[in-house]
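Asks: First the structure, which I've put down as structure tokens, then a few questions once you've had a look.
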Amino acid sequence: MREKLRRFLQDSFPKTSLPFEIESPKVKEHGELSTNLALLLGKQEKKNPKAVADELVAMIRAKGWNLLEKVEVAGPGFINFTFFKNAWRDSLKEIESRGDSFGCSEVGKGQKVLVEFVSANPTGPVHIGNARGGPLGDAIASLFEATGYQVTREYYVNDVGGQIDKLGASILTAGWGVSLGEQQYQGVHVDQLAHEAKKSIGTAVDRLIQEKKETEAAGLLGKLGIELLLQEIRRTCDGMGIEFDSWVHEKEVLSEKTGNILQDLKKKGVTVEKEGALWLATQDEFLEDRECVLVRSDGRPTYFANDIAYHTGKYGRGYDRIIDIWGSNHHGHVPRIKAALQSLGYDATKIEVVLYQYVRIKRGNEAVKMSKRGGTFVTAEEVLEEVGRDAFRFFLLMRAAESHLDFDLDLAKKESQENPVYYVQYAHARLASLFRKAEEKGIGKIPADLDLSRLDLPEEIELIRLLHKFPDEVSRAASLLEPHRIPFYLLELSQAFQAYYAKAKLDSRYQVVGSDIDTTRVKLYLCRILKRTIANGLKLMGVSAPSEMRHD
């Protein structure tokens, strides 16, 4: 209906090229759709927007449109529209014709997008904090696919640097009691790595220790630790329902690209040597930022240098959009990486970064503290085992990325309608049950020539209006990188359906499977579209749409 209204306004006022909006008013009494066209025209022509709105409304009324029941001016110059019920009812046929593709578009057809997410350091299991980037990145990728883009999901493995040495030294201390200083990584996972290392390379480590080559032993253990932890990370991602198209290793970037990129930066005159190290110096203030070191005083390139090289590779692969999903602690890294790429001649605006806040796990009323080095973190695997994939993904997608998130384990496990994921899935299961009930009563296939005027209840028209919001929500969620819009929409649609369904106990007009077969078939037609839309939305989130559920 939004697109029909947009086309009507564009045909009615062809000289208007302003990017006007069409929204649903917050107050239903103000109409079903609203536009800011008069406000934009008033500003452009330096006229009173309300007077412009009055003129436009008069022209719209004179032109006439058989779908419009009412058009009026509201506030400072908004134009509100109310449609005839038949307009909404007839629109169901168009929605039904789209089938499982309802909500999808081809906005991004012919364009390639790379979404890099999770990319947790392989020095420990994926904990619930950085696991938030998993469902977030995966859902953003799915939204891009739903809007026509060709999508690549990618994981960047940070498998070089001092963290590997520290991991190896920690395994050496845990398994052999040999200390090379403070044990950087502790906890059960380090003990497990030491146990596995003893079984596979224990003899080699023993020999190196006997030869007083403890540092070499730590290096060997660090490499093995990274391999084992990366296997675990892959299992965790699989448990989250995430399948990456590519895994890029930092060590490969370092060996193949970083040296050339450093030379290019030097040629561009955006580096400076200071304190025996090489720094990025695209702006004076960067000179004081320790994170802008490209090459350490010992000659080793930093993570920052490798990341610049990694990102130039993204451009080299021909992507139209480059999406990075990072934890909020990377906020300072964003301007640095963009400045470096810009100085190399790349269009830094192609890079879009989503920074997500970390997650606080609650057990009862107590928050569980997380410390990757201390070994007291809550792993993603633990939460997945406790609440299941559906609740895990739904809960992590319910809040905007920039909002802090409290993950209530007790609520996520509840098999009641207090649990938001259960509530939406239960709505889908209830819709499925209506078709089983109809089949039991011998009501066959729904014919094409339905009398849709039988959908006359206010709640039925409202459900149709809500269905029309779905494609717009998908489009907005994709363009704004805000997948949380989908669970919010699904909750709104499910609540409207559940309220409609509940009225059947008091009023027979609300019974879906009732005594009148023709009316039943029309209501089932609406329910089939509702069921498919909820399933489509859950699929975008990577959440299942069950046909049966238990209810406490």
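The values are calculated or read from the model by the stated rules, or taken from the named source; none is laboratory data. Quantities reported herein were computed from a predicted structural model and do not represent experimental measurements. Heads up, the Cβs are rebuilt from the backbone with ideal geometry, glycines too, and the neighbour counts pull from every protein chain shown. Heads up: the accessible areas ignore ligands, DNA and RNA and are worked out on the full protein's heavy atoms, side chains in. Shrake-Rupley method; radii C 1.70, N 1.55, O 1.52, S 1.80 Å.
Asks: Quick check: pseudo-label points 7 Å beyond the Cα along Cα→Cβ at K362 and K47, how many nm apart are they?
Replies: A separation of 5.4 nm, rounded to one decimal place.
Asks: Based on the Cβ-Cβ distance of R389 and D11, what FRET efficiency does E = 1/(1 + (r/R0)^6) give at R0 = 51 Å, to the nearest 0.05?
Replies: 0.60
Asks: Can you tell me the orientation of helix 458-479 relative to the chain, as the angle in degrees between its alpha-carbon axis and the longest Cα principal axis, to the nearest 10?
Replies: 30 degrees
Asks: Quote to one decimal, in nm, the extra length available between K4 and S97 on full extension: 0.36 nm per residue of separation minus the C-alpha distance between them.
Replies: Computed gain between K4 and S97 is 31.8 nm.
Asks: Could you compute the FRET efficiency for E21 and A502, with r as their C-beta to C-beta distance and R0 at 35 Å, rounded to 0.05?
Replies: Between E21 and A502 the formula returns 0.50.
Asks: A follow-up question, please. Nearest 5 is fine: what % of DSSP beta bridges in the chain come out antiparallel, could you say?
Replies: Taking every DSSP beta bridge with both residues in the chain, the antiparallel ones total about 50 percent.
Asks: Let me ask something additional. Would you mind counting up the charge near K257? Only other residues with Cβ under 14 Å from its Cβ, with Lys and Arg at +1 and Asp and Glu at -1.
Replies: Cβ neighbours under 14 Å give a net charge of -2.
Asks: Accessible area per residue for the chain in Å², computed with a 1.4 Å probe and the full protein assembly in place, what is it?
Replies: It amounts to 47 Å² per residue over the chain.
Asks: For Cα pairs less than 8 Å apart in space and 6+ apart in sequence, what is the mean separation divided by the residue count of the stretch 146-265, i.e. the relative contact order in percent?
Replies: 41 percent
Asks: What number, in percent, do you get for the relative contact order of the stretch 224-345 if the mean sequence gap of Cα pairs under 8 Å and at least 6 apart is divided by its residue count?
Replies: 22 percent
Asks: Give, as a single signed number, the net charge of other residues whose beta carbon lies under 9 Å from the beta carbon of G175, with Lys and Arg counted +1 and Asp and Glu -1.
Replies: Its environment carries a net charge of 0.
Asks: Let me ask something else. Take every Cα pair under 8 Å in the stretch 31-73 that's 6+ residues apart, average their separations, divide by the length, and report that relative contact order as a whole percent.
Replies: 29 percent
Asks: Moving to a separate point now. With label points built 7 Å along Cα→Cβ from the Cα atoms of Y423 and E106, find their separation and express it in nm.
Replies: 3.8 nm
Asks: Straight-line reach only, C-alpha to C-alpha below 14 angstrom: list the aspartates and glutamates that K257 could link to, leaving out same-chain residues fewer than 8 apart.
Replies: Straight-line reach from K257, under 14 Å: D307.
Asks: Among K414/K531; K15/K63; K112/K314; K198/K369, which pairs are too far apart, with a Cα-Cα distance over 20 Å?
Replies: K414/K531; K198/K369
Asks: Could the peptides 326-336, 469-479 be put in order, highest first, of the mean number of other beta-carbon atoms found within 10 Å of their residues?
Replies: Sorting 326-336, 469-479 by mean packing, highest first, produces 469-479, 326-336.
Asks: Pairing the Cα long axis of helix 517-541 with the longest principal axis of the chain, what angle in degrees results, from 0 to 90 and rounded to the nearest 10?
Replies: Helix 517-541 sits roughly 20 degrees off the main axis of the chain.
Asks: Can I ask one more? Could you check the spin-label model distance between M549 and R476? Points 7 Å from the Cα along Cα→Cβ, value in nm.
Replies: 2.4 nm
Asks: Between R207 and K413, what's the calculated FRET efficiency when r is the beta-carbon distance and R0 is 45 Å? Round to 0.05.
Replies: Rounded to the nearest 0.05, the efficiency is 0.35.
Asks: Tell me the net charge near A448. Cut-off is 14 Å between Cβ atoms, A448 excluded, with +1 for each Lys or Arg and -1 for each Asp or Glu.
Replies: Cβ neighbours under 14 Å give a net charge of -2.
Asks: Something else now. Over the chain, what percent of the accessible surface lies on carbon and sulfur atoms, probe 1.4 Å?
Replies: 47 percent
Asks: Separate question: Under the rule of -39500 (n - 2.57) per DSSP H run of 4 or more residues, summed and divided by the residues of the chain, what mean residue ellipticity at 222 nm is obtained, to the nearest 500 deg cm²/dmol?
Replies: Dividing the helical sum by the residues of the chain leaves -16000 deg cm²/dmol.
Asks: Additional query: Nearest 10 degrees is fine. How inclined is helix 133-146 to the longest principal axis of the chain, computing both from alpha carbons?
Replies: Once rounded, one gets 50 degrees.
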